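The values are calculated or read from the model by the stated rules, or taken from the named source; none is laboratory data. Not measured: the values here are computed from a predicted model. Ideal geometry is used to build each Cβ from the backbone, glycine not excepted, and the neighbour counts take in all protein chains shown.
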Amino acid sequence: MSALAWTSLLSLAAWLWLLLAQGFFWRTDVRLPPRHAPGTWPSVALVVPARDEAAVLPLSLPSLLAQDYPGEARIFLVDDNSSDGTGDMARALAAQRGGLPLTVTTPGEPPPGWTGKLWAVRHGIAAARAAQRPEWLLLTDADISHAPDSLRDLVAAAHGSGFDLVSQMARLRVASIWERLIVPAFVYFFAQLYPFRRIAVDGSRTAAAAGGCVLLRDAAAARANVPDAVRHAVIDDVALARAVKASGGRVWLGLADQVDSVRPYPRLGDLWRMVSRSAYAQLRHQPLLLLGTVAGLLLVYVVPPAGLVVALAVGDGAAAWAAGGAWLLMTATYLPMLRYYAQPLWLAPLLPVTAVLYLLMTVDSAVQHYRGRGAAWKGRTYARPDRAEPAPSADQ
């Protein structure tokens, strides 16, 4: 057989393996575990790190204030040195809407060795423990909107299934053409890296969470020493889940039905920055992993359509069948995610185009890192973990 046929067969084999042996990542039926109401509803602290979020708070914070939760619940919004009046906006919304008690605090600039978000989370957890000694912590981003029964369902799911961490991947906004092309694929690729079914298996090494919605048992947080143990992590949600699981905690992650992101990413540049700021950190800043990732993306996502076109042009039947079969499997596995996001199914064959965009974003992430501008977000740029200074201890 020709080299083109062998390459196409290798791509087809990769897709067969992904289809059958990667935790059925392509299915979208992993939703909240069985829910059982506890006899006494535990106390919950809702910790919301927020930096320059005044524009989205009117769309998200009222949903937290309006939570229908039978037990004690308080919101601790940590204004991370915002310059747009985030704290004042939060106080005004609480005064207008009422609902759950809201405390707004400001931690000051993060010390060396900490990312801003995790420093804010640490500050919020400390404030919550001082005020109410919560049994559970809901870590949720400032751009996340929750249905009124979201907190109740999260606690009931954790109680009913015995998990120490229950996380839902918020449904991201899909409105512009770029969001339609890139956002569903973002969740699809994430599930491919961290198959949701494997995360919930005790003893499995796979661990991940979605930072927009993480319900964490406070005792498990203390046992895992989070967020201190992951203070330098740019991809903080995955690092947090790994720390909890490594300390003996049970972790669950699935797709959300009633948790939504209200942050818009209307332009390609907005989405590009969202992905590229952490893509190279995902590869642990290793050039060899970057090369392997680029080669893998080309083999898995580019070879099928390109191989089919070339094979048809040169009359290579074996290559055409193999490449076409790989493209068909790719398309079929993407359909459930498009249905979950209520997007037109004709977008499925365009997944290779999106994969190329992600490849370019990943390469750009590495380039920005070596230029000293990697992992930049809202005016802060973070060093590699091995170059970050140690953070102060918990008693300092």
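Can you name the residue in segment 144-161 that is small (Gly, Ala, Ser) and modelled with pLDDT of 95 or more and is also farthest from Ser43 (Cα to Cα) among such residues?
Residue satisfying both the conditions and the ranking: Ser145.
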Segment 132-165, residues that are within 21 Å of Asp260 (Cβ to Cβ) and touching a Phe, Trp or Tyr at 6+ places or on another chain (Cβ under 6 Å): Leu151, Arg152
Arg277 vs. criteria over 21 Å from Trp17 (Cα atoms), in contact with a strand residue (DSSP E or B) (Cβ under 7 Å, 6 or more places away or on another chain) and in a helix (DSSP H, G or I): yes
Could you tell me whether Gln258 is buried (at least 16 other Cβ atoms within 10 Å of the Cβ), out of contact with any Asp or Glu (no Cβ under 6 Å at 6 or more places or on another chain) and either of a type in the set (A, V, I, L, M) or within 20 Å of Thr206 (Cα to Cα) (or both)? no
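Kindly indicate the residue of segment 54-87 that is in a strand (DSSP E or B) and surrounded by 21 or more Cβ atoms within 10 Å (Cβ to Cβ) and also farthest from the chain's Cα centre (by Cα) among those meeting that condition.
First, pick out the residues of segment 54-87 that are in a strand (DSSP E or B): 73-79.
Still in the running and surrounded by 21 or more Cβ atoms within 10 Å (Cβ to Cβ): 73, 75-79.
Working: Ala73: 25, Ile75: 22, Phe76: 21, Leu77: 20, Val78: 20, Asp79: 21 Å.
Among them, the one singled out is Ala73.
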Among Val294, Val314, which is the only one that is more than 25 Å from Glu179 (Cα to Cα), surrounded by fewer than 16 Cβ atoms within 10 Å (Cβ to Cβ) and at pLDDT 95 or above? Val314
Restricting attention to segment 317-333, which residues are surrounded by fewer than 21 Cβ atoms within 10 Å (Cβ to Cβ) and under 33 Å from the mean Cα position of the chain (by Cα)? Gly324, Gly325, Leu328, Leu329, Thr331, Ala332
Return a yes/no flag: does segment 103-114 have any residue that is out of contact with any Asp or Glu (no Cβ under 8 Å at 6 or more places or on another chain), among the acidic types (Asp, Glu) and on the phi < 0 side of the Ramachandran plot. yes
Hey, among the residues in segment 9-46 that are touching a residue at least 40 places away in the same chain (Cβ under 8 Å) and more than 29 Å from Arg198 (Cβ to Cβ), which one's farthest from the chain's Cα centre (by Cα)? Trp41
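Farther than 21 Å from Leu350 by Cα, surrounded by fewer than 17 Cβ atoms within 10 Å (Cβ to Cβ) and touching a residue at least 24 places away in the same chain (Cβ under 8 Å), is that true of Asp202? Talk me through it step by step, then tell me what you get.
Working: farther than 21 Å from Leu350 by Cα: yes; surrounded by fewer than 17 Cβ atoms within 10 Å (Cβ to Cβ): yes; touching a residue at least 24 places away in the same chain (Cβ under 8 Å): yes.
Answer is yes for this residue.
If we keep just the residues of segment 91-125 that are of a type in the set (Gly, Ala, Ser) and over 24 Å from the mean Cα position of the chain (by Cα), which is farthest from Asp143 (Cα to Cα)? Write out each step before concluding.
The initial filter retains those residues of segment 91-125 that are of a type in the set (Gly, Ala, Ser), namely 92, 94-95, 98-99, 108, 113, 116, 120, 124.
Subsequent filtering for residues that are over 24 Å from the mean Cα position of the chain (by Cα) retains 92, 94-95, 98-99, 108.
Numbers: Ala92: 17, Ala94: 16, Ala95: 20, Gly98: 19, Gly99: 19, Gly108: 21 Å.
Residue satisfying both the conditions and the ranking: Gly108.
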Candidates Leu357, Leu351, Leu268, filtered to the one that is at pLDDT 95 or above and farther than 30 Å from Glu53 by Cβ: Leu351
Taking Leu137, is it at pLDDT 95 or above, touching a strand residue (DSSP E or B) at 6+ places or on another chain (Cβ under 9 Å), under 20 Å from Val226 (Cβ atoms) and of a type in the set (A, V, I, L, M, F, W, C)? yes
Give the residues of segment 1-29 that are farther than 23 Å from Ala256 by Cα and either touching a strand residue (DSSP E or B) at 6+ places or on another chain (Cβ under 8 Å) or part of a loop (DSSP other than H, G, I, E, B) (or both), sorted by residue number. Met1, Ser2
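Residues that are closer than 25 Å to Val121 by Cβ and within 13 Å of the chain's Cα centre (by Cα): does segment 220-228 have at least one?
First pass over segment 220-228, keeping only residues closer than 25 Å to Val121 by Cβ: 220-228.
When the remaining residues are screened for being within 13 Å of the chain's Cα centre (by Cα), the result is none.
Looking through segment 220-228, none of the residues is closer than 25 Å to Val121 by Cβ and within 13 Å of the chain's Cα centre (by Cα).
Quickly run through segment 95-124 and pick out the residues that are within 12 Å of Val48 (Cβ to Cβ) and of a type in the set (A, V, I, L, M, F, W, C).
Quick first cut of segment 95-124, residues within 12 Å of Val48 (Cβ to Cβ) only: 100, 102-105, 117, 120-121, 123-124.
Across segment 95-124, the qualifying residues are Leu100, Leu102, Val104, Ala120, Val121.
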